[in-house]
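The values are calculated or read from the model by the stated rules, or taken from the named source; none is laboratory data. No experiment lies behind these values; they were computed from the predicted model shown. Reconstructed Cβ throughout: ideal geometry from the backbone, glycine too, with neighbour counts over all protein chains shown.
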Amino acid sequence: MFLENLENSDYYKSSNILCSTYNENDNVLYITFTSGGIYSYDDVPKNVYEEFRDCESQGKYFLTNIKNNHKALLTKSLLKEQVLAIKTFIKNYK
């Protein structure tokens, strides 16, 4: 059931970040980490999200431009099986 929204996400070949979703109405960026944590980041401008999505290293961009510049909130913690399912989905999707 949690996989239903994955088709609206952007996926990455990153050692720490699985995928992200951006809510343009609220300027909130949701990032799913390989640890299973899904965090929301407030007040992220669309251009910052687009740069994050399109850059060569999402992890480096996140650390430099998002992590310490936007309020974070853990919105959900996925089980290991769910993380594995997302990784499989990404592998088949890419």
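Annotations
- Tabulated pairs, the stretch 71-94, first β-branched (Val, Ile, Thr), second in a helix (DSSP H, G or I), C-beta under 7 angstrom, 6+ apart or interchain: ILE86/LEU6
- Flag for THR75 being out of contact with any strand residue (DSSP E or B) (no Cβ under 6 Å at 6 or more places or on another chain), more than 18 Å from LYS91 (Cα to Cα) and surrounded by 11 or more Cβ atoms within 10 Å (Cβ to Cβ): no
- Single residue of ILE66, ILE86 found to be at pLDDT below 95 and surrounded by 13 or more Cβ atoms within 10 Å (Cβ to Cβ): ILE86
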